[in-house]
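Colleague: Supplied in structure tokens, the structure appears directly below.
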Amino acid sequence: MERLQKVMAQAGVASRRKSEELILAGFVTVNGEVVKELGTKVSTSDVVEVKGVPLAKEEPVYYLFYKPRGVISAVTDDKKRPVVVDYFPQVKERIFPVGRLDYDTSGLLLLTNDGDFAQKLLHPSFEIEKTYVAKLKGVPTYKELRPLERGMRIDNYKLQPAKVNILSTDEEKGHAIVALTIHEGRNHQVKKMFEAVGFPVQKLKRELYGNLTLAGLRPGEYRRLNKKEVTSLLQLAKKKD
Ligand code: URA
């Protein structure tokens, strides 16, 4: 027996939190009866329906994708721009991105149909370490980037200290390549952090996510995560609990 919201999340309906909202709003039935109790336990023999649609029993799948620039981190886009799932035409499961990268950001993005897994990885209290490589307008010194390492305030929110590494500089062209490691995932966080110290981001790529890298992939390509990689991500997420 499992909690209803967990079963819904695992079936790829929505995150666990969203599933709870659907239950409370009266959209979920178990064996034909509306259930609004969040703790309700169901077994595999129970028929769960969300807005009249039975839960599809999908195997959980996990993909590591090298998102190209110019693609939306979503399943659909009302402006008809390319979305990340367009790159998975053979995948039958209802996958969605775990968090998002900006339209103009490239790099490592996970996709899954496991809402519970996604929610664990994205939970603010244990977000996994991510490393971005940014091309900056201007050539900063470590001193100028120190506010990022101390933990800065952005949009009235105190960010946790980040790790900064200047990888290369080009005085003549007036730009620098800088790696930034953070474990939060606030909207446009990296761009806002560099902007705040006077070095706007010209190009951004996510290179690392926990222990995962983009090794062997070109933009637009993906691979499946193996069991060990999935377990180790969940362990990394748990550590900060
Ligand atoms: N920070 C940003 O500013 N953009 C991204 O896409 C990811 C992190």
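Colleague: Condition first: assigned to a strand (DSSP E or B) and not small (Gly, Ala, Ser). Now tell me which residues in segment 125-152 satisfy that.
Modeller: Within segment 125-152, the first condition is being assigned to a strand (DSSP E or B), and the residues that meet it are 130-137.
Those that are assigned to a strand (DSSP E or B) and not small (Gly, Ala, Ser): Lys130, Thr131, Tyr132, Val133, Lys135, Leu136, Lys137.
Colleague: Within segment 1-19, is even one residue touching a Gly at 6+ places or on another chain (Cβ under 7 Å), surrounded by 15 or more Cβ atoms within 10 Å (Cβ to Cβ) and part of a strand (DSSP E or B)?
Modeller: yes
Colleague: Oh, and also: Let me confirm something: among Val50, Val75, which residue is surrounded by fewer than 21 Cβ atoms within 10 Å (Cβ to Cβ), under 21 Å from Lys18 (Cα atoms) and touching a residue at least 24 places away in the same chain (Cβ under 8 Å)?
Modeller: Values: Val75 fails: touching a residue at least 24 places away in the same chain (Cβ under 8 Å).
Step by step, each of Val50, Val75 is checked, and only Val50 is surrounded by fewer than 21 Cβ atoms within 10 Å (Cβ to Cβ), under 21 Å from Lys18 (Cα atoms) and touching a residue at least 24 places away in the same chain (Cβ under 8 Å).
Colleague: Here is a follow-up. Of everything in segment 23-47, what is of a type in the set (Asp, Glu) and either within 13 Å of Val7 (Cα to Cα) or surrounded by 12 or more Cβ atoms within 10 Å (Cβ to Cβ) (or both)? Give them in sequence order.
Modeller: Looking only at segment 23-47, we keep the residues that are of a type in the set (Asp, Glu), and these are 33, 37, 46.
Result: Asp46, single match.
Colleague: Taking Pro68 as meeting all but one of (1) of a type outside the set (A, V, I, L, M, F, W, C); (2) closer than 22 Å to Gln119 by Cβ; (3) surrounded by 15 or more Cβ atoms within 10 Å (Cβ to Cβ); (4) in contact (Cβ under 8 Å) with a residue 40 or more places away in the chain, write down the number of the exception.
Modeller: Among (1) of a type outside the set (A, V, I, L, M, F, W, C); (2) closer than 22 Å to Gln119 by Cβ; (3) surrounded by 15 or more Cβ atoms within 10 Å (Cβ to Cβ); (4) in contact (Cβ under 8 Å) with a residue 40 or more places away in the chain, the lone unmet condition for Pro68 is (2).
Colleague: Failed condition for Phe126, given (1) among the aromatic types (Phe, Trp, Tyr); (2) within 16 Å of the ligand (Cβ to nearest atom); (3) more than 15 Å from Lys205 (Cα to Cα), with all others met?
Modeller: That leaves (2) as the condition not met.
Colleague: Return the residues of segment 185-232 that are of a type in the set (Val, Ile, Thr) and outside any helix (DSSP H, G or I); say none if nothing qualifies. Spell out the reasoning first.
Modeller: Here is the first cut: in segment 185-232, the ones of a type in the set (Val, Ile, Thr) are 190, 197, 201, 213, 230-231.
Across segment 185-232, the qualifying residues are Val197, Val201, Thr213.
Colleague: Can you name the residue in segment 58-101 that is touching a Ser or Thr at 6+ places or on another chain (Cβ under 8 Å), part of a loop (DSSP other than H, G, I, E, B) and not aliphatic (A, V, I, L, M) and is also modelled with the lowest pLDDT among such residues?
Modeller: That would be Pro60.
The values are calculated or read from the model by the stated rules, or taken from the named source; none is laboratory data. Keep in mind it's a predicted model, so treat the numbers as computed, not measured. Neighbour counts run over all protein chains shown; Cβ positions are idealised from the backbone, glycine included.
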